[in-house]
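Just below is one structure, and these are the notes that go with it.
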Amino acid sequence: MNFGAPKLIVMNRKRKAFCCAEGPNCVARLNHGLSDIAINWSGGLHHAKKREASGFCYVNDIVIGILELLKYHPRVLYIDIDIHHGDGVQEAFYLTDRVMTVSFHKYGNYFFPGTGDMYDVGQDTGRYFSVNVPMKEGMDDENYHSLFKPIVRAVIECYNPSVIVLQCGADSLGCDRLGCFNLSFSGHGECVDFVRSLGIPMLVVGGGGYTLQYLQFFAPEFTLRPTLAKRQENQNTKEVSFEVWLRTV
């Protein structure tokens, strides 16, 4: 979901700074310690590859941003909560240990892009630096958080990144036209807040999101946290989620 023209907004909170800007400014501010959190909602095109466009993504701004971050940071952690696997980012850094990619996504039944099995763990020096958390239809807040929080916490403890890139695709929200999860606005936001609470400099980017009928979606209550009008049947049992967690961690 892309949001209009990019702007630069900077707010100082005591000694910490937050900025909302286009990609190059975001990365530059993080690299020079001018911001702790930088946001580029127009970014997040995680499917584009080195030699091809894919999945509505023609240039992988995430990969370009991470390459710039690597000039100043020894280790970059990439976390993806779009409903689709972050295949373009994983492919770009599959052979290195300087970037660890962690993707939470729908997998199976020919769901695009068809990659992201939990056994895809990287190669050569990048072996075990790609983490994939495959999920089934109907994933709700409780199930999602039971995987997201312990896995991210374990990754942080093991990898000790100096900066995090978080892709916040909105198509993992319930009722998205191309999605099949039941995540609420609050549940999605709780993942972002959890990563923020780790106190590591962070670049936040947008991503997927295909529900365009905003008026109908929010009516008649017009609240920021609407009740899901329809829910997918949750195929993620506690047993399945535990198995995924066990194999991943």
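Given R₀ = 25 Å, what would the calculated FRET efficiency be for Tyr119 paired with Asn234, taking r from the Cβ atoms and rounding to 0.05?
It comes to 0.55.
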remark   = Rounded to one decimal in nm, the spacing of the 7 Å Cα→Cβ label points at Phe185 and Leu67 is 3.7
request  = Subtract the Cα-Cα distance of Cys175 and Lys50 from 0.36 nm times their separation in residues, and report this length gain in nm to one decimal.
outcome  = 41.8 nm
query = Using the Kirkwood radius built from alpha carbon pairs, what does the Stokes-Einstein equation give as D for the range 14-248 at 4 °C and 1.567 mPa s, in µm² per second?
reply = 72
ask   = Which net charge results for the neighbourhood of Pro134, defined as the other residues with beta-carbon distances under 14 angstrom from its beta-carbon, given Lys and Arg at +1 and Asp and Glu at -1?
value = -4
inquiry  = So, R0 is 30 Å and r is the distance between the beta-carbons of Phe222 and Asn109; what FRET efficiency does that work out to, to 0.05?
reply    = 0.30
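With the cut-off at 23 Å, tell me which of the pairs Lys71/Lys106; Lys106/Lys149; Lys49/Lys238; Lys136/Lys238 have Cα atoms farther apart than that.
Violating the 23 Å limit, Cα to Cα: Lys71/Lys106; Lys49/Lys238.
Taken together, the values in this text are just the output of simple stated rules run on the coordinates, not laboratory data. The structure displayed is predicted, hence computed values, not measured ones. FYI the Cβ positions are ideal-geometry reconstructions off the backbone, even for glycines, and counts take in every protein chain you see.
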